[in-house]
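Some notes on the structure that comes next.
The values are calculated or read from the model by the stated rules, or taken from the named source; none is laboratory data. If you're wondering where the values come from, they're calculated on a predicted model, not measured in any experiment. Neighbour counts are summed over all protein chains in view; Cβ atoms, including those assigned to glycine, are modelled from backbone coordinates with ideal geometry. All accessible areas refer to the heavy atoms of the entire protein, side chains included, with ligands and DNA or RNA removed. Shrake-Rupley method; radii C 1.70, N 1.55, O 1.52, S 1.80 Å.
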Amino acid sequence: MNELKIAFVTPEAVPFAKTGGLADVSGVLPSLFAQRGHTVKLILPFHRCIKDNYPNAERLDVHLNAVVGSKQFDGSLYRLHDRATGLEVYFIENGSFFDRSELYRDPVTGNDYEDNADRFIFFSQAVLDVFRRLDWAPDIVHVNDWQSALVSSFLKTTAGQESLFQKTKTVLTIHNMAYQGQFPMETGLKLGVDPTLLRAPGPFEYWGKINFLKSAILLSDKITTVSPSYAREIQESNEFGMGLEGVLKDRCDDLVGIINGVDYSVWSPQKDTDIPYKYIPANLSGKKRNKLELLHLAGLPLRVDQPLFGLIGRLDNQKGLDLIASIIDEMMSLDLQMIVLGTGAEEYHMLFAQTEQRYPDRFKAFLKFDNKLAHLIEAGADVFLMPSRFEPCGLNQMYSLKYGTVPIVRKTGGLADTVVDFNEVTLEGTGFVFDEYDSGPLLDAIKRAVRLYARRKTWHKLVKQGMQKDFSWDNSARQYLELYHAIVHPTT
Ligand code: ADP
């Protein structure tokens, strides 16, 4: 297939900056496209953490200019070149917008930065200016989530007539409908678009507000989201579409779900450099030693007959923590131990801190972000708990499968697409799946896991079936490239 010029625009990407799964995706896909011979520019803001950790980023002799409302803002452009893959990474610098301790939130108040709209209008305008200054006309501009969605929207409005972009096609990937970039109507005046587009039924308007994501859903050539089930769910109900279900349904012919992959060079027990003992499916002795190490770190005693449950993630309602809260005592009365790693809502910090006090020999909470510990939990736990209310794709359940850590998941989004409920008669399946969002079915699934853990032979079969699953990126990257080619070279 022909070589494509691809701009991959994202607010975060591993290893540069990360708050969630979006960063994992953005850290892998562009490199894979570059490895396959495409010209790829990954573009993100020059966040403080990048500035501090990548002093070798080269400052280019390029002066960026972006208009936000009535104000002009300057920006600089930095670049890193990954010789191994050929990927070029560009960072857009503006000290007052991006030189901050967190990506989107004020760590003092815990609230979103008040100028988030301005920050990402600036970023989106500056991305277009990067193309102009480099005189580079991408075939595909692939934007991710609300923070970069406007690049796509501007390409069909304010920048639509520019000759440089006449052949450029756009793809929006939605990683989570819960974050849409909604701002007061006055924000619309900062976009520089025709004011009629700001009023209903214009693409930027949403119930008297401005909605960045909505505009890109309506204006992008193609829309993807991160699992086939989530692609269906977000069109079907308000619970998943979060108000944009009608808009998504209108674009159903151009909306596809492509499951995220796993970077197995980082997340597999054979290769993981963050865990003390590597292991393979044929010999799980390393897993047992990792469990010992993890229990030791958590200050929990070893109980050989009891499964160790792990939970890692943002402590957010999305993750089904209200269900766990309502059964925590019943759960802790079962023969199990549990380790939680996460940060987020205060109520869950309190819940887990109190649980630790009440069950000091059974429960440990690490209320922080710690990548190395996340690897050790995947490697050392026996069961992984992920009872999400909704889950666009979810990565941890896929990591868990590879590490032989049996996932308990709710049947939603990417969880439904990646975990198969274990059938005790046929012995097929890879985890425990419950359907209704309710604490009863969750507790039943937990009890099933504890019971089955005692049947060592059957448990091992379940573990190994999960470890054999392959969710590598190759398949997903191929689907994205097919999509790009289909819009750049349509056959009809
Ligand atoms: P989401 O994108 O909704 O946060 P995902 O499961 O798709 O959830 O991805 C979350 C990613 O962030 C995973 O790689 C997970 O290991 C990591 N992660 C989340 N919270 C923490 C934490 N407290 N410490 C270390 N890693 C974390």
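Using the Cβ-Cβ distance between Leu297 and Gln357 with R0 set to 22 Å, the FRET efficiency works out to roughly 0.75. Counting only DSSP beta bridges whose two residues both lie in the chain, roughly 30 percent are antiparallel. Listed peptides 173-184, 80-91 appear in the order 173-184, 80-91 once ranked by packing, highest mean of other Cβ atoms within 10 Å at the front. Per residue, the chain exposes 41 Å² of solvent-accessible protein surface, assessed with a 1.4 angstrom probe and all protein chains in place. Using the Cβ-Cβ distance between Asp194 and Asp112 with R0 = 45 Å, the FRET efficiency computed as 1/(1 + (r/R0)^6) comes to roughly 0.95. Rg and Dmax over the alpha-carbon atoms of region 1-114 stand at 15.0, 50 Å.
Relative to the current alpha-carbon distance between Glu346 and Lys167, full extension at 0.36 nm per residue lengthens the span by 59.6 nm.
A simple packing score, the average count of other Cβ atoms within 10 Å per residue, orders the peptides 110-121, 388-399 as 388-399, 110-121, with the highest score first. Take the alpha-carbon positions of the chain, form their convex hull, and give its projected area averaged over all directions (one quarter of the hull surface) in nm². Orientation-averaged projected area of the Cα hull: 23.3 nm². Here the simple spin-label model places points 7 Å from the Cα toward Cβ, and for Asp435 and Trp207 these points are separated by 3.0 nm.
Find out how many positive minus negative residues lie around Glu391, taking Lys and Arg as positive, Asp and Glu as negative, among other residues whose Cβ is under 9 Å from that of Glu391. Residues near Glu391 contribute +3 overall. Packing, as the average of other Cβ atoms within 10 Å across residues, places the peptides 138-146, 2-10, 341-349 in the order 138-146, 2-10, 341-349, highest first.
Hey, how many Å between the Cα centroid of region 368-401 and the Cα centroid of region 246-312? Here the answer is 5 Å between Cα centres.
Where does the charge balance sit around Glu93 when Lys and Arg score +1, Asp and Glu -1, over other residues with C-beta under 10 Å from its C-beta? Kindly include the intermediate steps, with their values, before the conclusion.
On the way: positive: Lys51, Arg59; negative: Asp74, Asp99.
Summing Lys/Arg as +1 and Asp/Glu as -1 gives 0.
Against the main long axis of the alpha-carbon atoms of the chain, helix 473-488 sits at an angle near 20°. Only Lys, Arg, Asp and Glu carry charge here, each on its Cβ (+1 for the first two, -1 for the last two); on that basis the chain has a dipole of about 1300 debye about its Cα centre. Dipole magnitude for region 160-281: computed about the Cα centre from +1 point charges on Lys and Arg Cβ and -1 point charges on Asp and Glu Cβ, it is near 180 debye.
Taking 0.36 nm per residue of separation and subtracting the current Cα-Cα distance, fully stretching the chain between Val67 and Arg48 would add 4.6 nm. Accessible surface of Val304, taken over heavy atoms with a 1.4 Å probe and every protein chain present, rounds to 110 Å². Taking only the alpha carbons of region 176-294, we obtain Rg and Dmax values of 21.8, 65 Å in that order. Distance from the alpha carbon centroid of region 150-165 to that of region 402-421 works out to 40 angstrom. For region 99-137 versus region 458-488, the inter-centroid distance based on Cα atoms is 32 Å. Placing unit charges on the Cβ atoms only, positive for Lys and Arg and negative for Asp and Glu, gives region 285-469 a dipole magnitude near 920 debye about its Cα centre.
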